[in-house]
1. Tell me which of these Gly434 doesn't satisfy, since it passes every other one: (1) surrounded by fewer than 15 Cβ atoms within 10 Å (Cβ to Cβ); (2) modelled with pLDDT under 90; (3) on the phi > 0 side of the Ramachandran plot.
2. Are there any pairs with C-beta distances below 9 angstrom linking a residue in segment 235-246 that is of a type in the set (Lys, Arg) to a residue that is surrounded by 13 or more Cβ atoms within 10 Å (Cβ to Cβ), with the two at least 6 apart or on different chains, and if so which?
3. Based on this model, can you work out whether Val388 counts as over 48 Å from the mean Cα position of the chain (by Cα), buried (at least 20 other Cβ atoms within 10 Å of the Cβ) and modelled with pLDDT of 90 or more?
4. Of everything in segment 51-91 that's in contact (Cβ under 8 Å) with a residue 40 or more places away in the chain and of a type in the set (Gly, Ala, Ser), which residue is surrounded by the fewest Cβ atoms within 10 Å (Cβ to Cβ)?
5. Considering only segment 273-292, state which residues are exposed (fewer than 13 other Cβ atoms within 10 Å of the Cβ) and either among the small types (Gly, Ala, Ser) or within 60 Å of the chain's Cα centre (by Cα) (or both).
6. Do we find that Val63 is farther than 30 Å from Arg196 by Cα and either in a loop (DSSP other than H, G, I, E, B) or at pLDDT below 80 (or both) in this structure?
7. Only one of (1) without any contact (Cβ under 8 Å) to a residue 40 or more places away in the chain; (2) loosely packed, with under 12 Cβ neighbours inside 10 Å fails for Glu323. Which number is that?
8. Please verify whether segment 138-155 includes one or more residues that are of a type in the set (A, V, I, L, M), modelled with pLDDT of 80 or more and assigned by TED's automatic domain parsing to the domain that holds Ser53.
Amino acid sequence: MGRLFWKFFLFTMLAQILATISVGGTFWLKEVESRKRYEQLDLGPIAAVQIDSAMSTLEFGGVSALRDLLGRIDGYHEIFAVDDSDHDLLGRVVDPVVLAEARNALRPGIERREIQLATTDDGRHFLLFGLARPNGKPRFEARDVGAIPIQYRVDHALPMKPPNEMVHGPMQPFQPFLGIATAILGSLIFAWLLARYFSKPIRSLRLAFESIAIGNLNTRLGPVMGKRRDELADLGRDFDTMAERLRTLVEGQRRMLHDVSHELRSPLTRLQVAIGLARQSPDKIEASLTRIERESVRMEKLVSELLTLSRLDASGHLLANDEIDFGELVMNVIEDAKFEAEANGRALEFVGDSAAYIKGDTELLYRAVENVVRNAVKYTALGTTVMVDAQLDLNRDEVHLSVLDRGPGVPVEELNLIFEPFFRGAATERSLDGHGLGLAIAVRVVNNHGGRLVAFNRQGGGLVVKISLPIIVAHY
């Protein structure tokens, strides 16, 4: 059990114990006060009349008649007849303090009509005295005493005992505390269960974090949480999402390091070969320098793209907040790409309407659109045309830019993979130009601008890459 468990357990237990003692103590004090009010000798005139009646009944009718009379008295007063063994004639419990007070009132030389000592023909002695009944409520309910039905019911009374038992049992002094003790025990049990209910998932969460910290990225809390439906279960699910995302990122970083080392190894090897050729054949030094320059440019481009990709992954937000004329940006990309397309026997055509303004980073957005367009120009078939179609969606305040080529397309299972860094499918394995980072950069730029980038195969052959970006206003 952790410290949080014991803190939660102790505070909950103390709160419940305090509430139990407060409520139980209040009722106990009320009961004690009620008993004190009840257990007072009645020395009033009515009690004197009732005692006289009891004395006459015992004298002329005997014990049975007295028992019947005492059972029928119902009102503000109650008459007791206690024998030498401290047993009441009706089997009622008599407080020893009250009984002692009644006997002290019969000291020699003092005559009281409210408290009298009666003697039967067979020599039995009965001490007759009265107690005041609070609120005038009957104290007893129906019960058979001997063969005579007596009417009495309990109300603010001491527990009833038969005549042959002791007036006070061994547990009676502790009875006011039994309820409190039971409540405290229940509080301890439920406080323990509640503390365990909250601390167990938190402890599991701590162990899961420790497991993640030592490199076990497959740790999950879903099976541990079970069927819980509370905030702690939500926290466990969020942890699983975080762990899965972290695992993906770490594996992606590992793949990227592997791919970067692979991409750098090839130009470095060619550089070393060119340098070796230049040393061995001084007459071919110009060709070797050309090769060295080309490989240096490739390495510089790779490093630049890696830095851009790293910056986009690290920032998670727009690096600038320019107001961009999207139509002008697209036209600039198309004008630059046309030279490359025409030089390689391909064409580039723009249709539609991209007259809108968007918020974002001009340089990054330009690079994203350029990467998509140049990728289409590179892989479209010789003699075909790459279509760039722009449409405004004023209902959703978006602009959609679709780039359509007539290349080999992409297998369906690879459509989502082409946006991963250094991914090269079957269509790109034959190309030595590029590193597989263009579309990876493009999708991150578009996502950081609050947009979407998707790819799907074109009917009749080719690939369609669609960019959707939110606009701030359209212009005409």
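1. Result: Gly434 fails condition (1) only.
2. Within 9 Å, the pairs are Arg237/Leu221; Arg237/Met225.
3. On the way: over 48 Å from the mean Cα position of the chain (by Cα): yes; buried (at least 20 other Cβ atoms within 10 Å of the Cβ): yes; modelled with pLDDT of 90 or more: yes.
The answer is yes for Val388.
4. Ranking the candidates gives Gly75 first.
5. Step one: of segment 273-292, the residues exposed (fewer than 13 other Cβ atoms within 10 Å of the Cβ) are 276, 279-283, 286, 290.
Gly276, Ser281 - these are the residues of segment 273-292 that are exposed (fewer than 13 other Cβ atoms within 10 Å of the Cβ) and either among the small types (Gly, Ala, Ser) or within 60 Å of the chain's Cα centre (by Cα) (or both).
6. Considered against the rule, which asks whether it is farther than 30 Å from Arg196 by Cα and either in a loop (DSSP other than H, G, I, E, B) or at pLDDT below 80 (or both), Val63 comes out as no.
7. Status for Glu323: all satisfied but (1).
8. no
The values are calculated or read from the model by the stated rules, or taken from the named source; none is laboratory data. Values in this document were obtained by computation on a predicted structure and should not be read as measured data. Using ideal geometry, Cβ is built from the backbone for each residue, glycine included, and neighbour counts are taken over all protein chains shown.
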